[in-house]
Structures are given as structure tokens and as C-alpha cells.
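*Asks:* Pasting a structure below so you can have a look.
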Amino acid sequence: MFAKAFRVKSNTAIKGSDRRKLRADVTAVFPTLGTDQVSELVPGKEELNIVKLYAHRGDAVAVYVSGGNPILFELEKNLYPTVYTLWSYPDLLPTFTTWPLVLEKLVGGADLMLPGLVVPPAGLPQVQKGDLCAIALVGNRAPVAIGVATMSTAEMLASGLKGKGFSVLHTYQDHLWRSGDKSSPPSIAPLALDPPDLGEEKGSVQADATLQGDMRHLALEGEEEEDEEVQQMCGEKSQSEATEDPSVGGLNPDPTDSKTLQEQMDELLQRCFLHALKCRVKKADLPLLTSTLLGSHMFSCCPEGRQLDIKKSSYKKLSKFLQHMQQEQIIQVKELSKGVESIVAVDWKHPRITSFVIPEPSPTSQTIQEGSREQPYHPPDIKSLYCVPASMTLLFQESGHKKGSVLEGSEVRTIVINYAKKNDLVDADNKNLVKLDPILCDCILEKNEQHAVVKLPWDSLLSRCLEKLQPAYQVTFPGQEPIVKKGKIGPIDITLAQRASNKKVTVVRNLEAYGLDPCSVAAILQQRCQASTTVTPAPGAKDSLQVQIQGNQVHHLGRLLLGLLRSSGARGWRRHPTVRGEKENRRQGLARHRP
């Protein structure tokens, strides 16, 4: 189901009442879990989000995310655990065992066929048709996939272990797994360390060839019916993605470090903190909002290829971490206004700051992640154009243009100048004036002017002509063909709104016009602002999404979007701002916000 990339519809925090309902559902579906285990799986106070998405086949899925990892997903009102959950509770589901070579095919989207099963000495687990099962590999009881049994255990044995055994829903290394911290399965000792000796097991329905024969006979669904090309694409694509994708094996944690993810995140948090104090924060910056320290200084000190996430550290919250740093007398934190903490003093002579070694800088570029691969963002080249309306076709038809023709401003200027010279309209006494013939009068003059205005200066003539033309624009993304559209390109709209609960939210619209993926922007903002984000359809806009961030995040958004343009070397970003702010909206309607 998650063998290919999915599309996120929304990402919202779960309310307390919904948490209680989810705990009740988990208890009903997985009765083997105790009360403490259910509370651990569905925490009461820690961040818990529900992500609504569409799988590549169009299935609507709800994914519950805790601590940055997907823990459960709901499909057609059925609740399923993810491999992250099964690694913490390996006995949650009946577990069947297969060979490591089979995993590649499962990741590629294949179902598990019965000849691929390894039968332990105690026999296969007892299940009924439709039961949810876990799939593990020989030598490790940590599940690598979950699926639904297509027949009961008795029917499996009666068939001689032939045919499809499990419809696989989710696997280790698929895109649902990649949406988490991408950790590898833990090592859990199997209940039976060795596969059975079929020669000694009398009455077994399997022949020696089933487990000891050629692995080519581990029949997975579609191997006998699909053509070789499709089969090769399925298998090789999974293998190449696992090889090329740097996130497999851990993009965020250091794969060479033997410490736990939490210990690595603690070290990274302290490293970014000391780096920011030593290199970025100056005495003149004090008092400094703690949120500004994190968003504007610490995140930029994070090494390339790593991602700072306080929720994955032992501190869980920035305030708790800064309290710890205050206890070490590195900083002094005070609440200068109600509910808002600021750093008021820094001991730059503290041994931890003076002994901190600044890492060598590496060439970095502002990136937006798509899936699990980083791609540098390059802003589009946007060019203003003009479209010839029916009322002005007579002026442009001599130059070979007709209604609907799209022209650049320089082309319009050349056509008008040539028209005036060709028809001897330049005033003989004053070369700066142009006499208006009937065609120019009809094209550029208002009705009340047609008998009063007989001449116009060149600049007025050209500006009036451009105003009468219909606006259009051309957008060219790097490596793509130019796209021409009528009308004016709208700016990125940032609005601060207040909900019924008296809470403020920041809403961003029109990101797609500039080649920005709303889901990727939401993921970055969630990390930078340490606030929940939601991606929903933009009201009144067809096929457009809006990003909603909890709290007033206009400052963070402005820095992110303008930083993208600066770091990418975009030309003219000061002359053509794309960010529209809420203050300007109140003061002068929908005026653009200039940096």
C-alpha cells in the first residue's frame, strides 16, 4: 500500500477527547496490551497528530504520529500497527517467518506467498482468514511487515503451502516507514533459532524443495503472471531506492554512532546551542527571545544532513533545555512578559563556550525535502507579458499580431514606435509628441478624451498602451518549458487569523505558483516553529492547498521564504516581493509586503 509515495491531505494535533477514543479503540483491537502499554502507545500529554493522506492507489488512510514516528494507521475503519509499534510490542500479532531475500519483493509491493514461509519446529501460528499478522525474517523476531491472512492455518497446511498467504499492507523501508525516523529493526531473538529439518519432520506437508530448493520458487504474487519487465521494475526500483536514499539507515541520526537516537539528539541540541552562542548571538542582541534563539540561530547551526528535533531529545521542550543550561550558569533566562521567556545574559567566558570547537563550514544550500530526498530549491524566472485584446487588434495587426497574441513589454514598445513612424505621426515641431490618428484614439483614449486630446508625449502614449493591454505572465522553472498564463501572478499570501477558541493561526496560500510544495513547507515550519501544522485545500481556489501553522509565525515564514530567494540567487526579489503580510492587508487592503 505504501510502496510508492503518498499525498498528504492534512496534519493536525489530536484533542484530548480523541485521544481517549483512540485508546479505547486500541484496547478493543489489541486486547493483549495492558493499560500501561496502551497509555505508552497513545500518550496523554506528548504531541500526537493525525495525518490524513491518500495512498498512490487512491486509498484514504489516517495515520497517527507520535514522537515523529507513525504508530498506527486506519484504513476503512480498521486499525493497524506500524512496524515502529511492532518493534516495541513484537508479540502484539501472530508472527510468521520468511527469508531475508523475500523482503526486497515485499517492499516493492508484492504479497507474501505460502512457499516463502519458514515453518518453525512448533508449527505455524494458528490464525483464521482475515486475521492481521506480522511477518519477520529468519534470525530476528522483529517484524518487517504486516499483512492480512488470506486463509486459515488449517487451509494453508491443507494446500501444501501453495498460493497466496498474506495480503501485505505495510513494510519496513516503505514510504510510511520513511515518514518516521527511519530507524532499523531491533535485534530480537527468535523463539526458534533454526528453521526446521524437514528430513526429520515426518508427516510434514512440505517437500524438501520448498525450503532447501532454489529460491526462485519462493513464489510471490504476480511472479508467474507479470511480464519480466514489470517484475524487474518492481524489484530493482525497491533495491535502488534503498541504496540511493540516504535516509535508509538514518539520515537524522549519525549511523556511525552507537548511541541511542535520544542521546544523539541531546548532543546535537547542545552542539547547536553552543555554536549559536559562540558565533551568532552578540551582546547587543540581548535580551533575546528563546524562540528566536531556536528558530534564527540554533537551526542554522545544525550540520548538513542532520535535523534538530527537540521532541526527540530527553528534554522534550526548549524551556526545559534552557533551564538546564541556566543551572550550568551558561545563560540567564527571565520571563520579561507574561508567558514569553527571553535570554537576558550569557557568560561567554564559560568553559563550555570557550572550549567549543567550531566545526568547519561546508557548502550548503537551502533545501526543501520531497519524500526523503533533498532537492535544492531554485525559484522560477517570472516575466510580465501583455495580451492583445479585441479592442486593440487594429494597432497590432500591421506587425502580424492578432487577438490573443502574447508580447513582452519591449515588443509592445517597438511595435508602437514603428507604427507612429510608419504613419508619419511624430510631431514635426516637437519630436517628443505623437499625433493621434483614429486607430490610436480608439485604442488608448477614453470616450471623453477622443475630441479633446490630439497629441500625447511618447512616455504617456506607451504607458497608456500597456495599461489597455491585458496582463499575462510567463513562469519558467529550471529544466522545464516556460508556462504562459493570462492575468497577474498572485503573491504568496500570509494571513494571521484568530479562531473561535481565541487562538491565533498563520495561514499561507499560493505556494504552488512559485514551485513550493505546501507539504514540504509545512514539515520545515513544524521543525522551525515547533508548532503543529495542517495542509488543507485552499477555500475558493481550485487545486490549491494552504498551510496553517499554530500561533503567530509570520516572522518565521517571511525569513524562510525570503531566505529561499536570497540563497538561490534569485534576481529582483526586492523589486518583485512575493510575501504579503497581515499588517499590510489591514492597512491598505491587499498590498504586498516589502521586506
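The values are calculated or read from the model by the stated rules, or taken from the named source; none is laboratory data. All figures in this text were calculated on a predicted structure; none of them were measured in a lab. Positions of Cβ are backbone-derived with ideal geometry, glycine not excepted, and every protein chain shown enters the neighbour counts. In case anyone asks, the SASA skips ligands and DNA or RNA and just uses the protein heavy atoms, side chains included. Shrake-Rupley method; radii C 1.70, N 1.55, O 1.52, S 1.80 Å.
*Asks:* Looking only at region 22-43, count every residue that is under 24 Å from residue 535 (Cα atoms) and either at pLDDT below 85 or over 25 Å from the mean Cα position of the chain (by Cα) (or both) and tell me the total.
*Replies:* Counting residues in region 22-43 that are under 24 Å from residue 535 (Cα atoms) and either at pLDDT below 85 or over 25 Å from the mean Cα position of the chain (by Cα) (or both) gives 1.
*Asks:* Here is a further query. Any idea how many residues of region 312-353 are part of a helix (DSSP H, G or I) and open to solvent by 80 Å² or more (accessible area, probe 1.4 Å)?
*Replies:* So the count comes out to 4.
*Asks:* Let me spell it out: the conditions are (1) open to solvent by 10 Å² or more (accessible area, probe 1.4 Å); (2) closer than 29 Å to residue 59 by Cβ, and residue 189 meets all of them except one. Which number is the exception?
*Replies:* Here residue 189 clears every test but (2).
*Asks:* Just name the residue that is least open to solvent (accessible area, probe 1.4 Å) out of those in region 460-475 that are within 14 Å of residue 387 (Cα to Cα) and among the polar types (S, T, N, Q).
*Replies:* Among those residues, the one meeting the criterion is 474.
*Asks:* If you don't mind, another one. Just give me the residues in region 111-130 being assigned to a loop (DSSP other than H, G, I, E, B), among the aliphatic types (A, V, I, L, M) and within 17 Å of residue 148 (Cα to Cα), in sequence order.
*Replies:* 124, 127, listed by residue number.
*Asks:* Next question, about the same structure. Applying the selection to region 293-311, what residues are in contact with a Leu (Cβ under 7 Å, 6 or more places away or on another chain) and either over 13 Å from residue 266 (Cα atoms) or not in a helix (DSSP H, G or I) (or both)?
*Replies:* Correct list: 294, 298, 299, 302, 305, 306, 308.
*Asks:* For residues that are in contact with a Leu (Cβ under 8 Å, 6 or more places away or on another chain) and hydroxyl-bearing (Ser, Thr, Tyr), scanning just region 56-90, find the one that is surrounded by the most Cβ atoms within 10 Å (Cβ to Cβ).
*Replies:* Here the answer is 82.
*Asks:* So, in region 490-509, of the ones that are at pLDDT below 85 and outside any strand (DSSP E or B), which residue ends up nearest to the chain's Cα centre (by Cα)?
*Replies:* Top of the filtered list is 490.
Table: residues versus (1) in contact with a strand residue (DSSP E or B) (Cβ under 6 Å, 6 or more places away or on another chain); (2) within 22 Å of residue 153 (Cα to Cα); (3) of a type in the set (Phe, Trp, Tyr).
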| residue | (1), (2), (3) |
| --- | --- |
| 49 | yes, no, no |
| 62 | yes, no, no |
| 84 | yes, no, yes |
| 99 | no, yes, yes |
| 106 | yes, yes, no |
| 110 | no, yes, no |
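*Asks:* Checking the condition within 17 Å of residue 170 (Cβ to Cβ) and surrounded by 22 or more Cβ atoms within 10 Å (Cβ to Cβ), which residue from 93, 114, 103 passes?
*Replies:* 93
*Asks:* Can I ask one more? Return the residues of region 129-142 that are under 20 Å from residue 75 (Cα atoms) and either surrounded by fewer than 17 Cβ atoms within 10 Å (Cβ to Cβ) or not small (Gly, Ala, Ser) (or both); say none if nothing qualifies.
*Replies:* Hits for region 129-142 are 129, 130, 131, 132, 133, 135.
*Asks:* Which members of region 485-506 meet the condition of being surrounded by fewer than 18 Cβ atoms within 10 Å (Cβ to Cβ) and in contact (Cβ under 8 Å) with a residue 40 or more places away in the chain?
*Replies:* 486, 495, 496, 503, 504
*Asks:* Can you list residue pairs whose Cβ atoms sit under 8 Å apart, with the first residue in region 403-424 being aromatic (Phe, Trp, Tyr) and the second being in a loop (DSSP other than H, G, I, E, B)? Count only pairs 6 or more apart in sequence or on different chains.
*Replies:* 419/425
*Asks:* Follow-up. Sort through 521, 535 and tell me the only one that's in a helix (DSSP H, G or I), among the β-branched types (Val, Ile, Thr) and under 22 Å from the mean Cα position of the chain (by Cα).
*Replies:* After applying the criteria, what remains is 521.
*Asks:* Which one of these is touching a Lys or Arg at 6+ places or on another chain (Cβ under 8 Å) and buried (at least 20 other Cβ atoms within 10 Å of the Cβ): 277, 268, 293, 308?
*Replies:* Every option except 268 fails the conditions.
*Asks:* Suppose the filter is touching a helix residue (DSSP H, G or I) at 6+ places or on another chain (Cβ under 7 Å), in a strand (DSSP E or B), aliphatic (A, V, I, L, M) and open to solvent by less than 40 Å² (accessible area, probe 1.4 Å); does residue 53 pass it?
*Replies:* Spelling it out, it is not the case that residue 53 is touching a helix residue (DSSP H, G or I) at 6+ places or on another chain (Cβ under 7 Å), in a strand (DSSP E or B), aliphatic (A, V, I, L, M) and open to solvent by less than 40 Å² (accessible area, probe 1.4 Å).
*Asks:* Scan region 28-39 and give yes if some residue there is open to solvent by less than 20 Å² (accessible area, probe 1.4 Å) and free of Cβ contacts under 8 Å to residues at least 24 places away in the same chain, otherwise no.
*Replies:* Scanning region 28-39 turns up at least one residue that is open to solvent by less than 20 Å² (accessible area, probe 1.4 Å) and free of Cβ contacts under 8 Å to residues at least 24 places away in the same chain.
*Asks:* Condition first: at pLDDT 90 or above, of a type in the set (D, E, K, R) and closer than 30 Å to residue 517 by Cα. Can you find one or more residues in region 51-66 that meet it?
*Replies:* yes
*Asks:* Take the residues in region 437-489 that are β-branched (Val, Ile, Thr) and closer than 18 Å to residue 423 by Cβ; name whichever of them is farthest from the chain's Cα centre (by Cα).
*Replies:* Taking the candidates together, the pick is 454.
*Asks:* Filter region 60-84 for residues that are in a strand (DSSP E or B) and aliphatic (A, V, I, L, M) and give the result.
*Replies:* Listed by number, the residues that qualify are 60, 61, 62, 63, 65, 71, 72, 75, 79.
*Asks:* Sticking with this one: Scan 270, 239, 307 and give me the residue that is within 21 Å of residue 173 (Cα to Cα), in contact with a helix residue (DSSP H, G or I) (Cβ under 9 Å, 6 or more places away or on another chain) and at pLDDT 50 or above.
*Replies:* Answer to the selection: 307.
*Asks:* Looking at region 126-164, which of its residues are at pLDDT below 90 and under 24 Å from residue 188 (Cα atoms)?
*Replies:* 138, 139, 140, 141
*Asks:* Report yes if residue 148 is under 31 Å from the mean Cα position of the chain (by Cα), assigned to a strand (DSSP E or B) and closer than 17 Å to residue 90 by Cβ, otherwise no.
*Replies:* Spelling it out, it is not the case that residue 148 is under 31 Å from the mean Cα position of the chain (by Cα), assigned to a strand (DSSP E or B) and closer than 17 Å to residue 90 by Cβ.
This table checks each residue for (1) under 21 Å from residue 399 (Cβ atoms); (2) surrounded by 13 or more Cβ atoms within 10 Å (Cβ to Cβ); (3) in contact with a Phe, Trp or Tyr (Cβ under 6 Å, 6 or more places away or on another chain); (4) among the hydrophobic types (A, V, I, L, M, F, W, C).
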residue: 426; (1), (2), (3), (4): yes, yes, no, yes
residue: 435; (1), (2), (3), (4): yes, yes, no, no
residue: 440; (1), (2), (3), (4): yes, yes, no, yes
residue: 443; (1), (2), (3), (4): yes, yes, no, yes
residue: 448; (1), (2), (3), (4): no, no, no, no
residue: 455; (1), (2), (3), (4): no, yes, no, no
residue: 458; (1), (2), (3), (4): yes, yes, no, yes
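*Asks:* Just to be sure I understand the filter: pairs with C-beta atoms under 7 Å, separated by 6 or more residues or on different chains, first member in region 1-26 and part of a helix (DSSP H, G or I), second member at pLDDT 90 or above and surrounded by fewer than 13 Cβ atoms within 10 Å (Cβ to Cβ). Which pairs pass?
*Replies:* Filtered contacts from region 1-26: no entries.
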